[in-house]
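Remarks on the structure that follows.
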Amino acid sequence: MARPHTVFVQSQALPWSVALENVRPGVTCKVLSEDADSGASTRIVRYPAGYDSPERGITADEEWFVLDGEITLDGMRYGYHDYAYLPAGLPRRRLSSAAGAVVLTMLSCEPRAASDATSCNESRLIRRLDTFALPWEHGAGGSVTGRPLGPGLAVKHLRRDLETGEQSFLYACLPHHPPPAVMVGKFTHPVVEEIFTLEGEYVFSDAGVMRPGGYCWWREGEWHGPAGSRAGYSLFIRVLGGALRNEFDREPYPFRYDPPYMPALPETLREAAAPLEWPPKW
C-alpha cells in the first residue's frame, strides 16, 4: 500500500473535484487518500439531484457508507448510514439519485467499466446493511482486537474477512471517555487503520481533536495518542492488511481533551491542514 500516512485531515477543508468521469460522469469527489501506484482510494462522492446513469460493473471492489441523501442501485435503495461491499465485476445496470447523495466510497483500485464477462466473487458481497437495525455490541461481543471492549465502548460489525482478518465496523463511546488504563502513552498497530469521524470528537493527544468529517489513514507502525473523547464519538473504521492488534508504549505521554492541532500529513494535504471548530460557541 503506497498511500501516505495521514493523521488527520478535516474533509471540510478539502476541495470538490471532478473525478470518476470514466465510470460515473457528473459526480464530484473529495479525495481523502489515494495509492499512487494502484489508484486505490477513499473519497467522499457527491451525486447531484437527478443523477441517473447506466452501470456495467467496475473493476474495483467498492465499499459504501452513505453520509447524506439516498442513492439507488438496480432498485436497491441506500439511505442515511446504509453500508455495502460490492466486489469487482458485480453485475450492475443503473445507478441513480433523485434528491442527491453524499457517499463515503472506498475503491480497491482505479475504477474502470467492467465488461459483462468480468467474474465477481459474490461470496464477499454485502448487498446492503441498514446500520440502524444492527445492535450495538459491548464487551467480548464487540471485540475488534480479540480482547473485550472496555466500559463505555460499543461496536456494530459491518464486514469481517475470516481469511485476512480485515474488517469494517462502527465504533462508539460515551462522553467523558479517558484513555484506558493500559494506554499510558502512545499506541500503534501492525496494520492500516482507516478512520472517518461521523459524530462527536475523537482525540489524539499528540495530533488534535477529530470532529465530524475528520479522516485518518493511519499507517502501520506509526505511533499516536493517547486517545479519548470529551464529547463521545461515532466512527466508521476499516482495518486493512491483517487483523487489528494494539501495541502500547510504556513511556508516558500526557493526555488532554483539547490538544492543539498538530497533524502528520502528506505534502498533498498540507494546504488543507485546519482544525474544525465544533460546535459553534454561544
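Please treat every number below as a calculation from the coordinates, not as lab data. Quantities reported herein were computed from a predicted structural model and do not represent experimental measurements. Cβ placement follows ideal geometry from the backbone for every residue including glycine, while neighbour counts extend to all protein chains displayed.
Roughly how big is the chain's charge dipole about its Cα centre, with Cβ charges of +1 (Lys, Arg) and -1 (Asp, Glu), in debye to the nearest 20?
Approximately 440 debye in magnitude.
Considering the Cα trace of the stretch 134-272, what is its radius of gyration and what is Dmax, both in angstroms?
14.3, 42
When a footprinting reagent is the concern and you count Cβ atoms within 10 Å, what order do THR6, THR131, THR188 take, fewest first? Write out the running numbers ahead of the final one.
Numbers: THR6 23, THR131 15, THR188 19.
If I rank by nearby Cβ atoms, fewest first, I get THR131, THR188, THR6.
Find which of LEU67, LEU174, GLY39 sits farthest along the positive direction of the dipole of the chain, computed with +1 on the beta-carbon of Lys and Arg, -1 on that of Asp and Glu, about the Cα centre.
Projecting each Cα onto the dipole axis, the largest value belongs to LEU174.
When the distances between all Cα atoms of the chain are binned every 10 Å from zero, what whole-number percent does each bin get?
Calculated P(r), rounded to whole percents: 6, 28, 36, 22, 7, 1.
Hey, got the dipole for the stretch 134-272? About the Cα centre, +1 on K and R Cβ, -1 on D and E Cβ, debye to the nearest 20?
Details: 13 positive and 17 negative charges, 68 e Å.
That gives a dipole near 320 debye.
Please report MET76, MET183, MET106 as a ranked list, fewest other C-beta atoms within 10 angstrom at the top and most at the bottom.
Listing MET76, MET183, MET106 from fewest to most nearby Cβ atoms yields MET76, MET183, MET106.
Evaluate the distance, in nm, between pseudo-label points positioned 7 Å from the Cα of PHE132 and of ALA274 along their respective Cα→Cβ axes.
Taking the simple label geometry, PHE132 and ALA274 are separated by 3.3 nm.
Taking the Cα centre as origin and putting +1 on Lys and Arg beta-carbons and -1 on Asp and Glu beta-carbons, what dipole magnitude results for the stretch 14-132, to the nearest 20 debye? Working shown, then result.
Details: 13 positive and 17 negative charges, 53 e Å.
With Lys and Arg at +1 and Asp and Glu at -1, about 260 debye.
Sort TRP16, TRP223 by Cβ crowding within 10 Å, fewest neighbours at the top. Don't jump to the answer; show the numbers that get you there.
On the way: TRP16 12, TRP223 15.
Listed from fewest to most nearby Cβ atoms, that is TRP16, TRP223.
Assuming a viscosity of 1.306 mPa s and a temperature of 10 °C, what translational diffusion coefficient in µm² per second does Stokes-Einstein assign to the stretch 14-132, Rh being the Kirkwood radius over Cα pairs?
Details: Rh = 14.2 Å.
Roughly 112 µm²/s, to the nearest whole number.
Can you pull out the GluC sites (Glu not before Pro) in the stretch 162-228 whose DSSP state is coil and whose Cβ has at most 11 other Cβ atoms within 10 Å? Mind showing how you got there, number by number?
On the way: sites: GLU163, GLU166, GLU193, GLU194, GLU199, GLU201, GLU220, GLU222; in loops: GLU163, GLU166, GLU201, GLU220, GLU222.
For GluC sites (Glu not before Pro) across the stretch 162-228 that sit outside H, G, I, E and B with at most 11 neighbouring Cβ atoms in 10 Å, the list reads GLU163.
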